[in-house]
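Right, I'll just put the structure down here and ask away after.
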Amino acid sequence: LRSAVLRVYWDGQANPAIWAPLGDFFGAAPGYAKYKTLPLGMSGEGFYSFWYMPFRKARIEIVNEGQKSLPVQWTIKHAPLSRPIETLGRFHVKWHRDSMLPDAKKTGRVIDWPMLSTHGRGRYVGVMLHIWNPRGGWWGEGDEKFWVDGEKFPSTHGTGSEDYFGYAWSSMKIFNQALHSQPNSDPRPGNNSVNRWHLADNVPFQFSFQGDIEKYWPNAKPTLYAATAYWYLQEDGSDPYGYAPLESRLGYFSKPPLTPRIKGALEGETMNVLNISGGKTQAQDMSEFGGDWSDLSQLWWTQSKPGDKLTFAFNVPQSGRYNLKANFTKARDYGIAQFWVDDEKLGTPIDFYDPNVIPTGEITLGSRELSAGEHKFTIEIVGANEKADKSYMTGFDYLRLEPVK
């Protein structure tokens, strides 16, 4: 359904007012998903669209750009207009990925992801958002923002994508309502599609419209958005969206990503915890902060206090002398930690304060003779930098044993 494209031209236009992959036009992605809303839906009998589409004349095409044949049957219903065509906008639908992203240096709006940008007189009536989020977890929380007629501050500023698409607490369940739905929800490998139709809540504009959704996760996570925007536009309005080649529509959502992993690393988030005297631990996805953590994750120790200890088990394959190397995280609310191996101190305490969330880079904690078998690695909270928020947290990426030749 991504290989086939629906193109619709109104009244002799040179460029199509509707250009979208076939499945995306009907409100779900990246393929068939059984669901039902008021204007669009997919069922076992076929797909339907009840959008109002005024025209003098129309040319409707389905173009198959894929390698497989695509048998299509369609039914088109039409009737005479009940009001002058000059008073009516033309229906537009466009699919895009990362189109017209704002210049963060000029606007400061680095997380605003444009669902629709257009000029002229018209009405925004909805969006279907396809999210590729293969590392799993919640992809959203971004506010919707509608900038009408050149506003400097959006007249609509919502409270989060889960509220905009109508299901608080980011439920992964499939649901169908008249004006919003989640046709597809697949936490791993990570395809989600959600839609919202603005039929009961009118969103008109006289000169221009910019509809954004905040996108917190970067493409490198990877979390990728593709939008199908629906709106009406006066005949002389400006629709800036063009053709998207087949390679930009396919492939990017088909394979889970390979995450960088340090060779020989004992990942903190998967090491066996023997004892914790205070606080709690959990695995934390670090892809939001860049790519410099092994497996893009760490063990996050929170709610601790000075004097608390966290002890792990690790295995030494054969007896010998080893350099103990590790990567940690620095942040404004992280503490100062002392490290131990088998109840013997490793060097001096390390301060993990930094105003930003950054990796320490690999640190040599010390060198020890270790016998083959199981040993203990302990982190002890001993304080915090005077500049730090006193939360005494620790981020442990990995431990690595380097044989000393």
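Specify the inter-centroid distance of the range 262-299 and the range 357-405, based on alpha-carbon positions, in whole Å.
So the two Cα centres are separated by 12 Å.
With each pseudo-label sitting 7 Å past Cα toward Cβ, what's the residue 107-residue 387 distance in nm, one decimal?
If labels sit at residue 107 and residue 387, their model points lie 3.3 nm apart.
Rank 72, 100, 275 by how far each Cα sits towards the positive end of the charge dipole of the chain (+1 on Lys, Arg Cβ; -1 on Asp, Glu Cβ) and give me just the farthest.
72
Is it possible to state the helix-based mean residue ellipticity at 222 nm for the chain, with each DSSP H run of 4+ residues giving -39500 (n - 2.57), the sum divided by total residues, to the nearest 500 deg cm²/dmol? What is it?
My calculation for the chain gives -500 deg cm²/dmol from helical runs alone.
With respect to the cross-link table entries 68/215; 36/152; 376/405; 263/345, which display a Cα-Cα separation exceeding 28 Å?
Result: 68/215; 36/152 exceed 28 Å.
Let me ask something else. Give me the distance in nm between label points sitting 7 Å out from Cα along the Cα-to-Cβ direction at residue 280 and residue 236, one decimal.
6.2
Also: Hey, any idea what % of the range 6-69's accessible area is carbon plus sulfur with a 1.4 Å probe? The partial results should precede the final answer.
Values: 1760 of 3250 Å².
Result for the range 6-69: 54 percent of the exposed heavy-atom area is carbon or sulfur.
I'd like to know which of 9, 155, 241 lies farthest towards the positive end of the charge dipole of the chain, counting +1 on Cβ of Lys and Arg and -1 on Cβ of Asp and Glu.
9
Leaving ligands, DNA and RNA out of it, report the carbon-plus-sulfur percent of the accessible area of the range 91-171 at a 1.4 Å probe.
53
Counting only protein heavy atoms and using a 1.4 Å probe, what share of the accessible area of the range 223-334 belongs to carbon plus sulfur, as a whole percent? Show your work: numbers first, answer last.
On the way: 2590 of 5260 Å².
Of all accessible area on the range 223-334, carbon and sulfur atoms account for 49 percent.
Rolling a 1.4 angstrom probe over the protein heavy atoms, how many square angstrom per residue are accessible across the range 311-371?
Numbers: 2680 Å² over 61 residues.
Dividing the accessible area of the range 311-371 by its residue count gives 44 Å².
Using the eigenvalues of the Cα gyration tensor, what equivalent ellipsoid semi-axes result for the chain when each is taken as the square root of five times the eigenvalue, whole Å, largest first?
53, 22, 17
Report the relative contact order of the chain, percent, no decimals, based on alpha-carbon pairs under 8 angstrom and at least 6 residues apart.
Value for the chain: 15 percent.
Which values, in whole Å and largest first, are the semi-axes of the equivalent ellipsoid of the range 150-218 obtained as the square root of 5 times each eigenvalue of the Cα gyration tensor?
25, 16, 10
I would also like to ask the following. Go through the range 226-236 residue by residue and turn each phi into a ³J(HN,Hα) via Karplus (6.51, -1.76, 1.60, θ = phi - 60°); whole Hz please, and just put x for glycine and proline.
Rounded to whole hertz, the list is 9, 10, 10, 9, 10, 7, 9, 9, 4, 3, 8.
For the range 258-405, report the translational diffusion coefficient in µm²/s to the nearest whole number, using Stokes-Einstein at 20 °C, 1.002 mPa s, and a Kirkwood Rh over Cα pairs.
140
Let me ask something else about it. Residues of the range 78-211: accessible area per residue at 1.4 Å, in Å²?
Heavy-atom SASA per residue in the range 78-211 reads 46 Å².
While we're here: Let me have the relative contact order for the range 166-293, percent, based on Cα pairs under 8 Å that are six or more residues apart.
Computed value for the range 166-293: 18 percent relative contact order.
Is the range 208-250 rounded, prolate or oblate when judged by the Cα gyration tensor, a ≥ b ≥ c being the square roots of its eigenvalues, rounded requiring a/c under 1.5 and prolate requiring a/b larger than b/c?
oblate
Taking the Cα-to-Cβ direction at residue 141 and at residue 77 and moving 7 Å from each Cα, how far apart do the two end points lie in nm?
4.5
How large is the convex hull of the C-alpha atoms of the range 1-66 per residue, in Å³?
86
The values are calculated or read from the model by the stated rules, or taken from the named source; none is laboratory data. Being a predicted model, the structure only gives us computed values, none of them experimental. For neighbour counting, all protein chains shown are included, and Cβ atoms are generated from backbone atoms with ideal geometry for every residue, glycine included. Only protein heavy atoms, including side chains, enter the accessible area calculation; ligands, DNA and RNA are left aside. Shrake-Rupley method; radii C 1.70, N 1.55, O 1.52, S 1.80 Å.
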